[in-house]
Amino acid sequence: MELPTPADLRERRTELGLTQSELADAADVSQPLIARIEGGDVDPRLSTLRRIVEALDEAEGEIVRAGDLMHEDVITIAPDDTVSDAVRTMEKEAYSQLAVIKDGIPVGSISESDLVHVDENARDEAVREYMSESFPTVSEDATLEEVSNLLDHYKAVMVTEGGETLGIITEADLAARLS
């Protein structure tokens, strides 16, 4: 087992959005002690370090991550599928947009607004001709705040690992989680 350095403790605390006082309260130590530990001025006893790490672990458990929000069953369309396939899938699933995925990797998106001006002769054309940019991607570890910020600007967020699609998050998923 590797013990965290003062820099590790400070970095983890700030990533979790905790102040030194909040961490001190959670670990049942004083704020000046947290400051001195993070500054490298004092080496804490093992029992104190354990309480601090446990407080950080508990705080991290309260953070909602993209992996907690995502739908693993992603309804998609391929770039080579036809426009009529996309429309049929959207109607069947009652979705207004779909992720365009090729070999497990997000390459674009297509929505009702992308197709509203498409004439009837384009039904058999490839989705790639009408698709928009891909939804932004995040890792499973992205926080609720990060996902929420992206959803302020995009219709959905893809959750990926190594480029491969793991899931999708929409505003409806966020609203359901918050309610």
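The values are calculated or read from the model by the stated rules, or taken from the named source; none is laboratory data. Note that the structure is a prediction, hence the values are computed from the model and not measured. All Cβ positions, glycine included, derive from the backbone under ideal geometry; neighbour counts span all protein chains shown. Areas reflect the complete protein model, heavy atoms only, side chains present, ligands, DNA and RNA absent. Shrake-Rupley method; radii C 1.70, N 1.55, O 1.52, S 1.80 Å.
Laid out as a table, the results:
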item: Helices (runs of 4 or more DSSP H) wholly inside the range 2-77 that include at least 2 residues being of a type in the set (S, T, N, Q); result: 20-27, 46-61
item: Test set (1) surrounded by 16 or more Cβ atoms within 10 Å (Cβ to Cβ); (2) of a type outside the set (S, T, Y); (3) closer than 30 Å to L115 by Cβ - A94 fails condition number; result: (1)
item: Some residue of the range 122-136 being under 30 Å from G17 (Cα atoms), part of a loop (DSSP other than H, G, I, E, B) and either touching a Leu at 6+ places or on another chain (Cβ under 8 Å) or among the hydrophobic types (A, V, I, L, M, F, W, C) (or both); result: yes
item: Number of the condition not met by G162 [criteria: (1) under 12 Å from the mean Cα position of the chain (by Cα); (2) of a type outside the set (F, W, Y); (3) over 22 Å from A86 (Cβ atoms); (4) open to solvent by 60 Å² or more (accessible area, probe 1.4 Å)]; result: (1)
item: Scope the range 143-166; condition on the phi > 0 side of the Ramachandran plot and either modelled with pLDDT of 95 or more or part of a helix (DSSP H, G or I) (or both); matching residues; result: none
item: Qualifying residue in the range 79-89 (condition: over 30 Å from L174 (Cβ atoms), touching a Pro at 6+ places or on another chain (Cβ under 7 Å) and either assigned to a helix (DSSP H, G or I) or of a type in the set (G, A, S) (or both)); result: no
item: Where E146 falls short, out of the listed (1) farther than 30 Å from T14 by Cβ; (2) open to solvent by 30 Å² or more (accessible area, probe 1.4 Å); result: (1)
item: Odd one out for E140 among (1) crowded, with 16+ Cβ neighbours inside 10 Å; (2) modelled with pLDDT of 90 or more; result: (1)
item: Residue tally, condition in contact with a helix residue (DSSP H, G or I) (Cβ under 6 Å, 6 or more places away or on another chain) and surrounded by 15 or more Cβ atoms within 10 Å (Cβ to Cβ), over the range 38-50; result: 2
